[in-house]
Amino acid sequence: MSLKNKNKKRLSNDEEIKNQLTDVKVELKDGVFIFTGPMSVNEFAKMIKKPANEILTNFFKKGILHNLNSILSEEEIAEICFDYGFDFRKEIEMNESNFMDHFEIEDEKENLEPRPPIITIMGHVDHGKTTLIDKIRNANVAATEAGGITQHTGAYQIVHNNKVITFLDTPGHEAFTAMRLNGAKVTDIVILVVAADDGVMPQTIEAIDHAKAANVPIIVFVNKMDKPNADPERIKADLSKHDILCEEWGGQVPFIYGSALKNQGINELFEAILLQSDLMELKANKNRSPIGTVIEAKISTGTGTIATLMVTNGTIYKRDFIVAGSNYGRIKTLLSIDGKEIESAGPGTPVVVTGLNYLPKSGDKFLGFENEKFAKKLASKKAFVDKQNELNTKNINLNSVGDKKMVNIIIKSDVQGTAEAIKFSLSKLSNKDVAINVIRFSSGSITNSDILLAKASNAIIFAFNLKVDGSIRNLANQEKVVIKTSSIIYEIIEEIEKIVKSLGDPEYKEEKVGEAIIQKIFYYSKVGNIAGCLATDGVIKINTKMKLLRNNKIIHEGILETLQHEKEQIKKIEKGKEFGTHIKGFNDIKEGDIIQTFEDVLISN
């Protein structure tokens, strides 16, 4: 199809979107509050015609400090509606700001054709995932590059039995999850790599959980079958505990056995992928404007934004006008992932493009448009709302930080997808004492602007897969800004975990230090009952926490107020010696009762 008549034969996305745009009026109607999402206290008060101060007081009584501009979550809106006796209903409004998340296009069946399956390989870090990926790439993919544009493209394709298979090359489980959280369901099948000589590990379970959450079928590649201690039966048994039941045992999950290192089982893996994709009937309409997902993006000096896109429906052409997230642009260059200039690419195909006005995020959906003015309006509105949502989120985060210590982080990476993956991982490290705040995450070299921002916000800069320019390093030293470099995501996570532990309030655990049995009871009018005891274990100290046990049940917890050996007041007594003691404020003791003493021991960071 020539560029001149491409649009005449393609169905347009423009009209589909216009027809699906809807407005929802936020209002209190017939005792039901209809809303579309979070809003400020002030806005909410006006909508339900209640004094804002009354709502603030309501939250204050619950121990929550809000102000007029605080953003209420959907749960808080529902809670206040309940307090006032209103019903509530959240409705989805598809508008210029969220159309990417909600629009649906259903093509006529007669227009659908089979498309290549899109595959993600996951597994534990030492189970041969990288070796398998390298074998697949080296055997089937051209290694040419075009001016550096195809480096780290994030995807590649192979041909097996005249059929194309597309692989996503994500930087780990975090990127897969971050992409899914952005609303993108790009992967059709997950290949789970498990080492035959090792078994199911924490990251194996992680991968299974991610695949299940995304509702993506799994094919298991049992790797390292060449090892003398390979035990595939154990792998089957271990995976069955996580509802991954192999076909040999009557399950639905294909298991392929091989060795990536020895190039064994890889063709069988391709066969399993093609069989699974046939069963899934993966189809798309190549005769419409393109629809797909951003795999990753970066900014290159002199070229601008370079993005890897996965076309999932329609066909993308050079000179197409596309919107990706809140960014837009006309495609200047269109390259295949092996660096060759192409005129078009259909469903299931990754491409490398330039021409977007800024960096989209990994997982952003993209759409091709015929009406450039309409597309720009959609993108601009989405950019505005995204900025407001970002400010609202920061507002909510600041309200929830309270007395927490804040660790500010700047993430710089070679590609945007990895920066987002690291941000996603770090977001899970905050705890009750310390909040992790990623104030900037982007691809490209560390700049003067990054150093100045780090200085102003007292932030640490983490550089992933980047060389730090000497002048930037000197500026950082001059401004006393810390830059940490790494080429392994988990090293950065471990570094932050250490910082979080060092800043958290000290934690203590109760540790038993001594035990004694009450042998006799003496009564003194000025004190009460005195326990005559024998120390049976450890050391008994004065003024320590204690528990009194009777018939193996704790009947009192308190403090040992006195400690006496023969006629002397002492501070401690060791195992095997007799002593007298009084439990502060407690006299209900009996012969045979057990006294256990405890100390609070600092948990080491």
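The values are calculated or read from the model by the stated rules, or taken from the named source; none is laboratory data. Just so it is clear, the model here is predicted, and its values are computed rather than measured. Neighbour counts are summed over all protein chains in view; Cβ atoms, including those assigned to glycine, are modelled from backbone coordinates with ideal geometry. Just so you know, the surface numbers come from the protein's heavy atoms only, side chains and all, with ligands and any DNA or RNA stripped out. Shrake-Rupley method; radii C 1.70, N 1.55, O 1.52, S 1.80 Å.
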* Asked: If you go through segment 280-298 one residue at a time, how many are in a strand (DSSP E or B), farther than 23 Å from Glu372 by Cβ and of a type outside the set (Lys, Arg)?
  -> 3
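In this structure, does Leu269 turn out to be of a type in the set (A, V, I, L, M), more than 28 Å from Glu420 (Cβ to Cβ) and open to solvent by less than 60 Å² (accessible area, probe 1.4 Å)?
yes
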* If you take the residues in segment 137-171 that are over 17 Å from Val353 (Cβ atoms) and in contact with a helix residue (DSSP H, G or I) (Cβ under 6 Å, 6 or more places away or on another chain), which one is modelled with the lowest pLDDT? -> Pro171
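Quick check on segment 502-519. Is at least one of its residues assigned to a helix (DSSP H, G or I) and within 30 Å of Asn408 (Cα to Cα)?
yes
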* To do: Determine if segment 336-346 includes at least one residue that is closer than 20 Å to Ile118 by Cβ, β-branched (Val, Ile, Thr) and modelled with pLDDT under 90.
  => yes
* When residues of segment 278-292 are limited to those that are open to solvent by 10 Å² or more (accessible area, probe 1.4 Å) and not charged (D, E, K, R), the one farthest from the chain's Cα centre (by Cα) -> Asn287
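When segment 463-491 is examined, which residues are found to be open to solvent by less than 30 Å² (accessible area, probe 1.4 Å) and of a type outside the set (A, V, I, L, M, F, W, C)?
As a first pass, look at segment 463-491 and keep what is open to solvent by less than 30 Å² (accessible area, probe 1.4 Å): 463-464, 472, 476, 481, 483, 486, 489.
Hit for segment 463-491 is Ser486, nothing else.
Quick check: is even one residue across segment 485-502 modelled with pLDDT of 90 or more, in contact with a strand residue (DSSP E or B) (Cβ under 6 Å, 6 or more places away or on another chain) and closer than 30 Å to His565 by Cβ?
So far as segment 485-502 goes, no, none of its residues is modelled with pLDDT of 90 or more, in contact with a strand residue (DSSP E or B) (Cβ under 6 Å, 6 or more places away or on another chain) and closer than 30 Å to His565 by Cβ.
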* State all residues of segment 189-226 that are farther than 13 Å from Ile121 by Cα and either in contact with a Cys (Cβ under 7 Å, 6 or more places away or on another chain) or in a loop (DSSP other than H, G, I, E, B) (or both); if no residue qualifies, say none. => Ala196, Asp197, Asp198, Gly199, Val200, Met201, Ala214, Asn215, Lys224, Met225, Asp226
* Among (1) acidic (Asp, Glu); (2) open to solvent by 50 Å² or more (accessible area, probe 1.4 Å); (3) modelled with pLDDT of 90 or more, the one test that Asp238 misses -> (2)
* Asked: Is it the case that some residue within segment 361-370 is surrounded by fewer than 17 Cβ atoms within 10 Å (Cβ to Cβ) and either in contact with a Phe, Trp or Tyr (Cβ under 7 Å, 6 or more places away or on another chain) or assigned to a helix (DSSP H, G or I) (or both)?
  -> no
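Counting just the residues of segment 393-433 that are in a strand (DSSP E or B) and at pLDDT 80 or above, which one comes out surrounded by the fewest Cβ atoms within 10 Å (Cβ to Cβ)?
For segment 393-433, the residue satisfying everything is Asn408.
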* Asked: What about Ala178, is it within 30 Å of Glu74 (Cα to Cα), modelled with pLDDT under 70 and not in a strand (DSSP E or B)?
  -> yes
* Residue list for segment 4-53, filter: part of a helix (DSSP H, G or I) and open to solvent by less than 30 Å² (accessible area, probe 1.4 Å) -> Lys6, Asp14, Ile17, Val41, Phe44, Ala45, Ile48, Ala52
* Asked: Which ones in segment 309-358 are crowded, with 24+ Cβ neighbours inside 10 Å, outside any strand (DSSP E or B) and under 27 Å from the mean Cα position of the chain (by Cα)?
  -> Gly348
* Asked: Can you name the residue in segment 446-475 that is of a type in the set (S, T, N, Q) and closer than 22 Å to Ala421 by Cα and, of all such residues, is modelled with the highest pLDDT?
  -> Asn465
* Asked: Looking at this structure, is Glu568 open to solvent by 40 Å² or more (accessible area, probe 1.4 Å), closer than 30 Å to Val407 by Cα and modelled with pLDDT under 90?
  -> no
* Asked: Hey, any hits in segment 482-491 for a residue that's acidic (Asp, Glu) and more than 30 Å from Gly580 (Cβ to Cβ)?
  -> yes
* Structure fact -> The one condition Tyr84 fails out of (1) open to solvent by 50 Å² or more (accessible area, probe 1.4 Å); (2) out of contact with any helix residue (DSSP H, G or I) (no Cβ under 8 Å at 6 or more places or on another chain); (3) more than 30 Å from Lys381 (Cα to Cα) is (2)
* Asked: Among the residues of segment 402-415, is there at least one that is of a type in the set (S, T, N, Q) and more than 15 Å from the chain's Cα centre (by Cα)?
  -> yes
* Give the number of residues within segment 535-558 that are farther than 14 Å from Gln596 by Cβ and open to solvent by less than 80 Å² (accessible area, probe 1.4 Å). => 1
* Hits in segment 423-460 - residues which are closer than 19 Å to Lys501 by Cα and aliphatic (A, V, I, L, M) -> Leu426, Leu429, Val434, Ala435, Ile436, Val438, Ala459, Ile460
* Extreme residue, nearest to Tyr358 (Cα to Cα), among residues of segment 255-280 that are without any contact (Cβ under 8 Å) to a residue 60 or more places away in the chain and among the charged types (D, E, K, R) -> Asp278
